[in-house]
Amino acid sequence: MLMVAETVSLGILALPSSLAALGLILGILLLVFFGALATYTGFVIGQVRLRHEHIHSMADAGALLFGRIGKEMVMAGQIVFVVFIMGAHLISFGVALDALIGPSHTICGVVLLFAGFLLSFILTIPRTLRHMSYQSIASFLSIIAAVVTTMIAVGIQRPSASPSGALQVRLWPREDVSFAQAFNAVCNIVFAYAAHVAFFTFISELKDPREFPKALAFLQISDTSMYMVTAVVVYIFAGDGVANPALNSASDHWRRVAFGVALPTIVIAGVINGHIVVKWMYVRLLRDSKEDVMHQKTLKARGIWIGLAFVFWLVAWLISEVIPIFGDLIGLTGALFGSWFTFGLQGMLWLMMNYETDPKSWRGVGFRKRGGWTWGWRKGFLTVLNVCNVLMGAAIFVVGTTSSSMIIREHAKVAGRPFNCKIG
């Protein structure tokens, strides 16, 4: 349940708009496809962890693939990934405040985002995040209640209905949808399944790591089902005018209710991500300290923690100001990081496990059979599948980043320069 609570968060809010861009059939097919593939790549993570018990994070897996350089690169990627997610939470917080205050207010979006920055920074100051599982479940219940409220609201109001009352739903992409818009919608779907960066940590906390496939199956069935229901229902009733985040699709009254219910997940999940990234860097800086500063309660130790929290939340705030459109930031994050942490790295890890000549590395050594491994249709199929995972991760990274950058530039022409009052 904790894995589900940690996974289902902001990503679900971007899915109805993805269906609006891609059409009902293609959108559903991609939700199922990426859900199934994410299930397999999650299973690969479980197999890697069973074979290499010292791995506790994706950075450790990077060391397994490419040594010290790989570990540092993947660690940097993890940190930037989480900081981008923190930025998305700040945008959500600003949009929520904008909805709760009402349409008549004149408060600039910069002020709303800065309020989110201050609140999140203050809540990240405690070095221990007690009862994290309970907070994660509260966050999960919050986002589910918010999307259910939105589904009920758009179901009653039926904004996509024609004057005759018939719902107007497209099965395929609109003719005026550009390639960049369509691929950005795909990246939004990729982001929804991009929780794999935390899977090694989840496995480390299990009493029996061999039980991970059961937890993974429960997670993927749960999140794929919720993603499908939310995306389809909201899109069918809201139509092409569906907003991103989806909670904005309801009328002003219901929008306030939905964002009010969603505030716990916007704040709690953001603070949990902030705590995680600060802890990564805190441990990274102090683990070799001769004075054992890391476990002390001195002014120096607390000062380092607070300084790191301030820096990371400041960077997240700057990201949210530079890319103040929720869907744009979600799409860019999915392209930059979901591509590798959900698909590409897992393909490399599978190839390493099945072709490695040395238990510690496969760098610079010719491939050979491992143990009693023999060729067969199953191994051949999995080899092709994992090579495709690596290639797909690279393709999503390159094409998705380019497409997202194009969309961000287009929206910047309308919204204006960074640090303007428009957020959404």
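The values are calculated or read from the model by the stated rules, or taken from the named source; none is laboratory data. This structure is a prediction, so every number in the text was calculated from the model and none was measured. Ideal geometry is used to build each Cβ from the backbone, glycine not excepted, and the neighbour counts take in all protein chains shown. Side chains included, ligands, DNA and RNA excluded: accessible areas come from the protein's heavy atoms. Shrake-Rupley method; radii C 1.70, N 1.55, O 1.52, S 1.80 Å.
Taken over segment 229-246, the criterion of being open to solvent by less than 50 Å² (accessible area, probe 1.4 Å) and either charged (D, E, K, R) or within 18 Å of the chain's Cα centre (by Cα) (or both) is satisfied by T230, A231, N244, P245, A246. Within segment 284-305, the set of residues being among the β-branched types (V, I, T) and buried (at least 17 other Cβ atoms within 10 Å of the Cβ) comprises I304 only. If you check S289, S225 for being in a helix (DSSP H, G or I), of a type in the set (S, T, Y) and out of contact with any helix residue (DSSP H, G or I) (no Cβ under 6 Å at 6 or more places or on another chain), only one passes: S225.
Residues are listed down the side, and each one gets a yes or a no for (1) at pLDDT 95 or above; (2) of a type in the set (A, V, I, L, M); (3) open to solvent by 60 Å² or more (accessible area, probe 1.4 Å); (4) closer than 30 Å to V110 by Cα:
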{"site": "W313", "(1), (2), (3), (4)": "yes, no, no, yes"}
{"site": "V365", "(1), (2), (3), (4)": "no, yes, yes, no"}
{"site": "L382", "(1), (2), (3), (4)": "no, yes, no, no"}
{"site": "L385", "(1), (2), (3), (4)": "yes, yes, no, no"}
{"site": "N389", "(1), (2), (3), (4)": "yes, no, no, no"}
{"site": "G400", "(1), (2), (3), (4)": "yes, no, no, yes"}
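Go through the residues of segment 142-150 one by one and say whether even a single one is more than 25 Å from G334 (Cα to Cα) and either surrounded by fewer than 15 Cβ atoms within 10 Å (Cβ to Cβ) or touching a residue at least 40 places away in the same chain (Cβ under 8 Å) (or both). Yes: one or more hits. Among the residues of segment 169-222, write down those that are of a type in the set (V, I, T) and under 17 Å from the mean Cα position of the chain (by Cα). V186, I189, V190, V197, T201 - these are the residues of segment 169-222 that are of a type in the set (V, I, T) and under 17 Å from the mean Cα position of the chain (by Cα).
The condition (being in a helix (DSSP H, G or I), touching a Cys at 6+ places or on another chain (Cβ under 7 Å), crowded, with 18+ Cβ neighbours inside 10 Å and of a type in the set (A, V, I, L, M, F, W, C)) is satisfied by just one residue among A269, A335: A335. Report yes if G116 is at pLDDT below 90, more than 19 Å from M352 (Cα to Cα) and in contact with a helix residue (DSSP H, G or I) (Cβ under 8 Å, 6 or more places away or on another chain), otherwise no. Taking the combined requirement at face value, the residue does not satisfy it. So is A99 in contact (Cβ under 8 Å) with a residue 40 or more places away in the chain and of a type in the set (G, A, S) or not? Yes; evaluated as a whole, the condition is true for this residue.
Do we have any residue at all in segment 47-67 that's open to solvent by 60 Å² or more (accessible area, probe 1.4 Å), in contact (Cβ under 8 Å) with a residue 24 or more places away in the chain, under 22 Å from the mean Cα position of the chain (by Cα) and under 17 Å from G347 (Cβ atoms)? No: zero hits.
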